[in-house]
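The values are calculated or read from the model by the stated rules, or taken from the named source; none is laboratory data. Since this is a predicted model, take the numbers as computed values, not measurements. Note that each Cβ is placed from the backbone with ideal geometry, even for glycine, and that neighbours are counted across all protein chains shown. Accessible surface areas use protein heavy atoms only, side chains included; no ligands, DNA or RNA. Shrake-Rupley method; radii C 1.70, N 1.55, O 1.52, S 1.80 Å.
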Amino acid sequence: MKPWTDRAGKLSPLKAAAFVGTLVPALLLAYYAATGFPSAAPTGGLLGPRPFTAAIHHTGDWAIRFLLLSLAVTPLRRIGQWPKLILIRRMLGIAALCYALGHLVLYFFDQNWNVARVVSEIALRIYLTIGFVALLGLVALGATSTDAAIKKLGSNWNRLHKIVYGIGILAALHFFMQSKADVYEPTLMAGFFMLLMVYRLAQWRGLSLTSPWVLIAIAIAAALATVVVEAAWYGLATGVPPGRVLAANLQFSYSIRPAWWILATGLGVAVLGYVRSMGKADAPRGRRVARAGA
């Protein structure tokens, strides 16, 4: 079965669009490389003065982004009432694995393929150890993502694939630790991860993901959790008082803090859920009116 076809072998516009989307970051990286990677110019071309480091970060960033997108499929299926989204979950997960492997391969390349040195670095640097464990988890999920593996593992498949939540935590922690002082992007990714986890927690508690009030509460809770995580990280890693971080979230002079993006996304999802639920409610009414008119 081709990546752009459904199980019946017919073209699936959704799968085709998702497949193209998974290739775009790699194609952009190839374009950056072709236009100045490596470069004799002082700036190092489009990838900057340290092109290999930029390429490593590019692939790592997209690995966690595709991981989060794969986790977003399940709540969006229910909230947006789009059952066909399940068709692209596996593809997004495989994309996360491929970019994570590319992340590691580029690191090997940057270290001149010195295997002993890379192994030593992974063993001695805790943030590399954490990232490598997350990668091993993705490999396990990717290796068991086939229909044959699902059939063979049976109910154990679902239990195994729950490690994706632990992988998400490890990936976010790796992102924070390697980013050092500037953790805007890691905080944003951590916020999205927490938003997705609160959706799952709400569903586990029996709350309706079609209720706009539940979705609004989830958005607020995830945004506040993002503020707490950001303040805690700065306090523990850099010694910045949490009060300064909290105050920064109420200032908009320079940039919009990650928590506000999480809140906006969560509220947008609440609006989506409300619109979709109203549309579903109006559809039977429309059919009844049509039958009455007939």
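Structure values in brief
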item	result
Check: the chain dipole with +1 on Lys, Arg Cβ and -1 on Asp, Glu Cβ, in debye	1520 debye
Across LYS15/LYS151; LYS2/LYS84; LYS84/LYS151; LYS84/LYS152; LYS15/LYS180; LYS84/LYS280, pairs whose alpha-carbon gap is larger than 26 Å	LYS15/LYS180
Surrounding net charge for ALA54, when Lys and Arg each add one and Asp and Glu each subtract one, Cβ distance under 13 Å	-1
By accessible area with a 1.4 Å probe, ligands and nucleic acids excluded, highest first: order of SER277, SER253	SER253, SER277
Residue-normalised accessible area of the chain, given per residue in Å² at a 1.4 Å probe	56 Å²
Heavy atoms of LYS162 accessible to a 1.4 Å probe, total area in Å² rounded to 10	120 Å²
Rounded tilt (10° steps) of 89-110 against the dominant C-alpha axis of the chain	10 degrees
ILE169 - accessible surface, heavy atoms, 1.4 Å probe, Å² rounded to 10	100 Å²
Accessible-area composition of the chain, carbon plus sulfur, in percent [1.4 Å probe]	69 percent
THR146, THR53, reordered so the largest accessible area comes first (probe 1.4 Å)	THR146, THR53
Most fluctuating residue given options ARG65, ARG159, ARG78, as computed from a GNM of the chain linking Cα atoms under 10 Å	ARG159
Along the chain, longest interval not containing exposed chymotrypsin sites (Phe, Trp or Tyr not before Pro), exposed being DSSP loop plus at most 13 other Cβ atoms within 10 Å	114-251
